[in-house]
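*Asks:* I have a structure here, written as structure tokens, and I will follow up with some questions on it.
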Amino acid sequence: MKRLLKIAVLTVLFFGLTAMSVHRFYAAIYQINFVPQKKMVQITTRIFIDDLNEALKSKYHKRTFIGTEKETPDDVILMKKYLSEKFKLTVNGKPKVMNYLSNELENNVVICYLNIKEIPKVTSLEIENSILTEVYSEQQNIIQFNNNGKKQSLLLTNEITKGTLK
């Protein structure tokens, strides 16, 4: 209960502060939904643009402009590569590749849409998420999972980058 309260407070803070241009905490939100009618897992990420650009610069030694008018197709390619290397899902014991669909901007947050098709049911979901942790040791990646109406949450950090939901 205490953990869920912490996650709820972080979620409110995240959305409350996304309108500000400078932030002093490091959190990203990942909404994962299993849609049984479509046999699909849908993933939505919400990551601060400045943090993401800093992580891309640190990892690939190239300045990127995600979320600005200077954004290039190469910037998006690097972002997709970074997401696939740092954010991995294992469904029912089998590693799955996420399909990157698109992204959009909301204030100073980049929202990415991904999915995994051909999933008849989800009995377990292992998540590995180390996005931004190499740049910000205080980074918290908040996972919210809706499995056919059953909601669960997971908090991943620099120290704990993996977790399983059932």
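*Asks:* Output the residues belonging to segment 131-162 that are closer than 21 Å to Q42 by Cα and over 14 Å from the mean Cα position of the chain (by Cα).
*Replies:* Once the filter is applied, which keeps residues that are closer than 21 Å to Q42 by Cα and over 14 Å from the mean Cα position of the chain (by Cα), segment 131-162 yields N146, N147, N148, G149, K150, K151, Q152.
*Asks:* Being more than 24 Å from K59 (Cα to Cα), assigned to a loop (DSSP other than H, G, I, E, B) and touching a residue at least 60 places away in the same chain (Cβ under 8 Å) is the filter; apply it to segment 79-124 and report the residue that is most open to solvent (accessible area, probe 1.4 Å).
*Replies:* Here the residue is E118.
*Asks:* Next question. Name the single residue that is nearest to E118 (Cα to Cα) among those in segment 55-78 being open to solvent by less than 90 Å² (accessible area, probe 1.4 Å) and of a type in the set (D, E, K, R). Walk me through how you get there before you give the answer.
*Replies:* Residues of segment 55-78 open to solvent by less than 90 Å² (accessible area, probe 1.4 Å): 55-56, 58-60, 62, 64-68, 71-72, 75-76, 78.
Checking which are of a type in the set (D, E, K, R) leaves us with 59, 62, 71, 75.
Numbers: K59: 32, K62: 36, E71: 33, D75: 29 Å.
The extreme case among them is D75.
*Asks:* Can you tell me which condition K62 does not meet? The list is (1) closer than 18 Å to L165 by Cα; (2) in a loop (DSSP other than H, G, I, E, B), and all the others hold.
*Replies:* (1)
*Asks:* Further question: Taking only pairs six or more apart or across chains, which ones have beta-carbon atoms under 6 Å, a first residue in segment 45-56 that is over 14 Å from F25 (Cβ atoms), and a second residue that is open to solvent by 10 Å² or more (accessible area, probe 1.4 Å) and aliphatic (A, V, I, L, M)?
*Replies:* Here the result reads E54/V135; A55/V135; L56/L78, each pair linking segment 45-56 to a residue that is open to solvent by 10 Å² or more (accessible area, probe 1.4 Å) and aliphatic (A, V, I, L, M).
*Asks:* Do you know which residues across segment 139-149 are open to solvent by 30 Å² or more (accessible area, probe 1.4 Å) and modelled with pLDDT of 95 or more? It would help to see each step written out before you state the result.
*Replies:* Going through segment 139-149, the residues open to solvent by 30 Å² or more (accessible area, probe 1.4 Å) turn out to be 140, 144, 146, 148-149.
Selection gives Q140, Q144, N146.
*Asks:* Confirm whether I32 is open to solvent by less than 30 Å² (accessible area, probe 1.4 Å), touching a Phe, Trp or Tyr at 6+ places or on another chain (Cβ under 6 Å) and either of a type in the set (A, V, I, L, M, F, W, C) or closer than 17 Å to F145 by Cβ (or both).
*Replies:* Yes; evaluated as a whole, the condition is true for this residue.
*Asks:* Please list, ordered by first then second residue, the pairs with beta carbon atoms under 7 Å, 6 or more apart or interchain, first in segment 142-164 and closer than 19 Å to N115 by Cα and touching a residue at least 12 places away in the same chain (Cβ under 8 Å), second part of a loop (DSSP other than H, G, I, E, B) and open to solvent by less than 30 Å² (accessible area, probe 1.4 Å).
*Replies:* N147/V122; T164/S124
*Asks:* For segment 28-71, which positions are more than 21 Å from I142 (Cα to Cα) and of a type in the set (V, I, T)?
*Replies:* Once the filter is applied, which keeps residues that are more than 21 Å from I142 (Cα to Cα) and of a type in the set (V, I, T), segment 28-71 yields T64, I66, T68.
The values are calculated or read from the model by the stated rules, or taken from the named source; none is laboratory data. Predicted model, so just to flag it, every value in this text is computed and none were measured. For neighbour counting, all protein chains shown are included, and Cβ atoms are generated from backbone atoms with ideal geometry for every residue, glycine included. Heads up: the accessible areas ignore ligands, DNA and RNA and are worked out on the full protein's heavy atoms, side chains in. Shrake-Rupley method; radii C 1.70, N 1.55, O 1.52, S 1.80 Å.
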